[in-house]
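For reference, the structure is listed below as structure tokens.
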Amino acid sequence: MNKSYLITRPEHDDTTYYLSKWNENTLDVAKRKGMKTFDLHQEKANKSEVESRLKKLNPDLIVFNGHGSEDTVTGHQQEPIIIADKNDDLLKSKIIFALSCKSAKVLGPKSVEKGAISYSGFSDDFVFLYDQNKITRPTEDKTAKLFLEPPKIFIEALIKGNTVLESSKRAEKKMEENIVKSLGHPEDANLVRFLWWDLKHFTSHGDLNASL
Amino acid sequence: MTDREKISKEIKQLVLVRLETLPSDKKISIGYYGDFEKADLINHVEKEDEVGKKIIEIEIEFLRNFKK
């Protein structure tokens, strides 16, 4: 049976615009793998739409892009879309990745308690730097690439059938390479503390040997 | 001034020096705190408000682990 992939891509500030554009291509990767894809873009990344799609379509893989807190991930215009102990049961039997701040701290383990297969994300703030001159072309931003390519590698590795653990290792390897690369360039050395911060807080809960 | 206060002051100065060397065309996204230009960040660190404290926290954690 065909696997399916749902992604939320709010776009209401620089941060969400960058995350949205950097992960847009994962939809093509999923389609090429024969997966059904559901793209909740801009205004469609709202609580009502997310809840409805999760109930009706039951996607195997979910990627939340956006802001977040320890127990919440948000959608367009910061609307909370998944909240621990409120509607996290909708994540049951799914592999989840949240490219957002802090949600892997409480929402991650809570959703696994409610039956999610795995929940990957960041246990503290996800920090990235970007070039103001590339604001209209985020995927051409080489500074942002250091921070946003590893999460994309994680998503694509999952889509290609790797386990959560193997996908994490690939993303972490790229993060480590970017730290080493930045240490060798004086103009990028300032970025290292932020690259390291994201690596330190990237984490997964649940069955790490699971795959699509 | 206690040793702890001295260290805090020195780390704050270190963070400010680091931020001064950041290219002016770069912005930083710190989750729900928002997106900041270099001058904004320096201001937040000087005031030691919530955003400033976050930047200082990242630096302290980084320095702690750098040796390891």
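Brief remarks follow.
- Here A:Ser48 clears all of (1) within 22 Å of A:Thr143 (Cβ to Cβ); (2) among the hydroxyl-bearing types (Ser, Thr, Tyr); (3) open to solvent by 20 Å² or more (accessible area, probe 1.4 Å) except the condition numbered (1).
- Residue in segment A:171-185 that is touching a strand residue (DSSP E or B) at 6+ places or on another chain (Cβ under 8 Å), within 14 Å of another protein chain (Cβ to nearest Cβ), under 20 Å from A:Asn65 (Cα atoms) and of a type in the set (Gly, Ala, Ser) present: no
- Residue tally, condition among the acidic types (Asp, Glu), within 25 Å of A:Gly75 (Cα to Cα) and at the interface with chain A (Cβ under 7 Å from one of its Cβ atoms), over segment B:10-40: 1
- If you filter segment A:85-115 down to residues that are surrounded by fewer than 23 Cβ atoms within 10 Å (Cβ to Cβ) and β-branched (Val, Ile, Thr), you find that the one that is farthest from the other protein chains (Cβ to nearest Cβ) is A:Val112.
- Residue check for A:His67: touching a residue at least 24 places away in the same chain (Cβ under 8 Å), under 17 Å from the mean Cα position of the chain (by Cα) and more than 14 Å from every other protein chain (Cβ to nearest Cβ): no
- Which listed residue is in a strand (DSSP E or B) and free of Cβ contacts under 8 Å to residues at least 60 places away in the same chain, from B:Asp40, B:Asp35: B:Asp35
- Any hit, segment A:150-169, residues being more than 24 Å from A:His205 (Cα to Cα) and free of Cβ contacts under 8 Å to residues at least 24 places away in the same chain: no
- Scanning segment A:116-130 for residues that are assigned to a loop (DSSP other than H, G, I, E, B) and either within 13 Å of chain B (Cβ to nearest Cβ) or open to solvent by 30 Å² or more (accessible area, probe 1.4 Å) (or both), we see that the one that is farthest from A:Ile179 (Cα to Cα) is A:Ile117.
- Among residues of segment A:189-212 that are at positive phi and more than 14 Å from chain B (Cβ to nearest Cβ), those with a beta-carbon under 8 Å from a residue that is at pLDDT 90 or above and part of a strand (DSSP E or B) at least six positions away or on a different chain give the pairs A:Gly206/A:Ser118; A:Gly206/A:Tyr119.
- The single residue among B:Lys12, B:Lys27 that is surrounded by 13 or more Cβ atoms within 10 Å (Cβ to Cβ) and under 17 Å from A:Leu191 (Cβ atoms) turns out to be B:Lys27.
- Unmet criterion (only one of (1) more than 22 Å from A:Ala144 (Cα to Cα); (2) among the acidic types (Asp, Glu); (3) open to solvent by 90 Å² or more (accessible area, probe 1.4 Å)) for B:Glu20: (1)
- Filtered residues of segment B:41-52 (kept if within 12 Å of chain A (Cβ to nearest Cβ) and open to solvent by 50 Å² or more (accessible area, probe 1.4 Å)): B:Glu50
- Filtering segment A:30-45 to residues that are without any contact (Cβ under 8 Å) to a residue 24 or more places away in the chain and crowded, with 22+ Cβ neighbours inside 10 Å leaves nothing.
The values are calculated or read from the model by the stated rules, or taken from the named source; none is laboratory data. Only a predicted model underlies this, so the values are computations on that prediction, with no experimental measurement involved. Quick reminder, even Gly has a Cβ in these numbers, built from the backbone with ideal geometry, and neighbours come from all protein chains shown. Surface areas here come from the heavy atoms of the whole protein model, side chains and all, with no ligands, DNA or RNA. Shrake-Rupley method; radii C 1.70, N 1.55, O 1.52, S 1.80 Å.
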